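**Student:** Take a look at this one; I'll ask things after.
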Amino acid sequence: MINLKMYIDGEWKDAENRETRPVINPANGEVISYAPEGTIADARAAIYAARRAFEEGVWSGLSAQERAYYLFRIADKIDEYAEELTQLETMDNGKPLREAGFDVGDAAACFRYYAGLITKPDGYTYHVADPMQAMVVREPVGVCGLIVPWNYPLLMSIWKIAPALAAGNTIVFKPSEVTPVTPKKLFEIFEEVGLPNGVANMVMGAGPVVGNEIASHPEVDMISFTGGTKTGKHIMKTAADTMKKVSLELGGKSPNIIFADADFETAVDYALFGIYAGAGQVCSAGSRILVEESIYEQFVERFVDRAKKIQVGPGNDPSTEMGPLVSQEHLEKVLHYIELGKQEGAKVACGGSRIVRDGLGNGYFVEPTVFIDVKQDMRIVQEEIFGPVVVIQKFKDENEAVKLANSTVYGLAGAVFSTDGAKALRVIKKLRAGITWINSYHPTYNEAPWGGYKQSGIGRSLGTFGLEEFQEIKQININLQVEPIGWFRN
Ligand code: NDP
């Protein structure tokens, strides 16, 4: 049984009331651990530790080079424990080992990217009217509350923790209660490299209890949240009372537009990857495929044929291509949407059921599912299902493709497949989305900003933008002519 504890002020802790909740392996329904069910008191202890560490300057007072040294060491440790982290991630989240291995590699690279970035030049100077040197410097925000979901338990944590620490903040971090296992290993690494006490704190517990306390507490200066749009809205409202800086990476219903002149096999291949990687539990999933009408039938036929061949199974089986959904609760949500799609009159072209064959019945497996004959106002077209369920729609021309693509409340990601470069770029520029690809789907880079338009969020993760989220901007004006201003008569 994996031992789970919270990490507060440099100590491993159970919940103050000793309560726990089971952590389940989604591939077989077995309990792999019991996570502390943190309370408001636990959240406050973590917040006060982070506040004290920030005020004492044990972290923000270090030079950028010294902080970078810690971050490089953390990256090296992630590499050293890569095999263990990969296994744990698969056990807890369900994703195939291959996907988990990529996440672990990206996690180490993300720490290295921010370790490097923080020592590079930043700030500005300005020419102003007075004999004055005006300049801008960037400073840490203070105590940052970081709340993450269960779909990338390690990577989503690091996308926040690495830039927040690089910038000199102290953190109160809350993993999803469904997937606290690799975050705990990450905090063991923080202890191993000797991060000063109180700099990085981890509380576990229910979102509406512990998460809500982090979002509302006046000693927390900023909230960075990734998860569902509904929860994101709630957090934003809660954080407004204390005017916290807010950064939100929320849901999506992203369009993947395939023109008739696309390289057909490439488009089909990426469209499969776009929706079924991570069993569709990816915020940027290409969950709406829009296909030009002249190749629509041919595309659906080929896509369905390949979707049916996807090898679904436990993540730790090397032959598995798609793992289970993360939890019983989420399985029920996805199955509910499939039923809803049928009731709305859409046609299931393949899949549509839970998988119980070959001993998979104790896990949370769902067939790769394709809906066709959908209408734009159907809920399965408009809402984030967050599972292996895609809708394939038809469009007549460029204008209709753009109109359909943009007509949801979301604006996270989108892609265009075409061999006409000008057309592809023209369409991409009309998409109201923050992350886009041409003739590709899904690749993510530590160097480039990640985040959405519209109800897909506020702010950006990764790249220089991701660091700036965790920084305040200060102007400094230095008078070069030190003499009385003479505004009032002497
Ligand atoms: P949530 O967005 O509710 O959870 C994400 C994180 O927020 C978890 O750590 C959760 O804690 C915490 N949280 C929940 N409620 C609050 C609150 N009131 N205040 C502060 N923190 C809170 O995701 P769910 O797991 O409930 O999934 C719901 C839906 O959200 C999914 O079906 C999917 O559609 C979408 N989603 C989108 C993601 C994305 O990356 N865009 C990622 C995950 C989900 P706890 O562990 O207790 O739940």
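Values quoted throughout were computed directly from the atomic coordinates according to the rules given, and no laboratory measurement underlies them. Computed from a predicted structure; not experimentally measured. Positions of Cβ are generated from backbone atoms using ideal geometry, with glycine treated the same way; all protein chains shown enter the neighbour counts.
**Student:** What chymotrypsin sites (Phe, Trp or Tyr not before Pro) in the stretch 415-490 are in a loop by DSSP, with at most 13 other Cβ atoms within 10 Å of the Cβ?
**Tutor:** Loop-located and lightly packed - 445, 487, 488.
**Student:** Which shape class applies to the stretch 20-90: rounded if a/c is under 1.5, otherwise prolate when a/b exceeds b/c and oblate if not, where a ≥ b ≥ c are the square roots of the Cα gyration tensor eigenvalues?
**Tutor:** Oblate shape, in that a/c is at least 1.5 and b/c is the bigger or equal ratio.
**Student:** Could I ask something else about it? Mean 1/r over all different Cα pairs, inverted: what Kirkwood radius does the chain give, in Å?
**Tutor:** Evaluated over the chain, this radius sits at 23.7 Å.
**Student:** What nm value, rounded to one decimal, do you get for the distance between residue 473 and residue 3 when each label is placed 7 Å out toward the C-beta?
**Tutor:** Spacing of the two 7 Å Cα→Cβ label points: 4.8 nm.
**Student:** When the chain is fully extended, how far beyond the present Cα-Cα distance does residue 122 get from residue 377, taking 0.36 nm per residue of separation?
**Tutor:** 87.1 nm
**Student:** Can you tell me, using C-alpha contacts under 8 Å and at least 6 residues apart, the relative contact order of the stretch 286-415 as a whole percent?
**Tutor:** Result for the stretch 286-415 is 30 percent.
**Student:** Now for a different question. Can you tell me the FRET efficiency between residue 34 and residue 481 if r is taken as the Cβ-Cβ distance and R0 is 51 Å, rounded to the nearest 0.05?
**Tutor:** Efficiency at R0 = 51 Å is approximately 0.15.
**Student:** Now a separate question. Can you give the local net charge around residue 144? Use residues other than it whose beta-carbon is closer than 14 angstrom to its beta-carbon, Lys and Arg +1, Asp and Glu -1.
**Tutor:** -1
**Student:** Ratio of the stretch 300-407's C-alpha Rg to 2.2 N^0.38 Å, to two decimals?
**Tutor:** 1.15
**Student:** Net charge near residue 397: determine it from the other residues with C-beta under 14 Å of the C-beta of residue 397, scoring Lys and Arg +1 and Asp and Glu -1.
**Tutor:** 0
**Student:** Let me know the shape class of the stretch 239-331, please: from the alpha-carbon gyration tensor, a ≥ b ≥ c as square roots of the eigenvalues, rounded when a/c is under 1.5, otherwise prolate if a/b is greater than b/c, or oblate.
**Tutor:** Oblate, since a/c reaches 1.5 and b/c is not below a/b.
**Student:** Now for a different question. Among the lysines, select those whose C-alpha is under 25 Å from the C-alpha of residue 245, and discard any that sit fewer than 8 residues away in the same chain.
**Tutor:** 120, 160, 174, 230, 233, 237, 454, 474
**Student:** With labels modelled as points extended 7 Å from the Cα through the Cβ direction, what inter-label distance (nm, one decimal) is found for residue 136 paired with residue 488?
**Tutor:** 3.4 nm
**Student:** Here's another thing I want to ask about it. Using only the C-alpha atoms of the stretch 96-250, find the volume of their convex hull and express it per residue in Å³.
**Tutor:** 149 Å³
**Student:** Relative to the first principal axis of the alpha-carbon coordinates of the chain, what is the inclination of helix 82-93, with its axis defined by its Cα atoms, in degrees from 0 to 90 and to the nearest 10?
**Tutor:** 60 degrees
**Student:** Angle check, please: helix 64-80 long axis (alpha carbons) against the longest principal axis of the chain (alpha carbons), in degrees 0 to 90, nearest 10.
**Tutor:** Relative to the chain, helix 64-80 is tipped by roughly 30 degrees.
**Student:** Sticking with this one: Find the all-direction average of the projected area of the Cα convex hull for the stretch 388-490, expressing the result in square nanometres with one decimal place.
**Tutor:** Dividing the Cα hull surface by four gives the mean projection, 12.9 nm².
**Student:** Give me the distance in nm between label points sitting 7 Å out from Cα along the Cα-to-Cβ direction at residue 98 and residue 82, one decimal.
**Tutor:** Those two pseudo-labels are separated by 1.7 nm.
**Student:** Shifting gears a bit: When a/c reaches 1.5 or more, the comparison of a/b and b/c decides; with that in mind, is the stretch 363-417 rounded, prolate or oblate per its Cα gyration tensor?
**Tutor:** Cα axes put the stretch 363-417 in the prolate bin.
**Student:** Okay, next question. Rounding to the nearest 10 and keeping the result within 0 to 90°, find how far the Cα-based axis of helix 229-240 lies from the longest principal axis of the chain.
**Tutor:** 20 degrees
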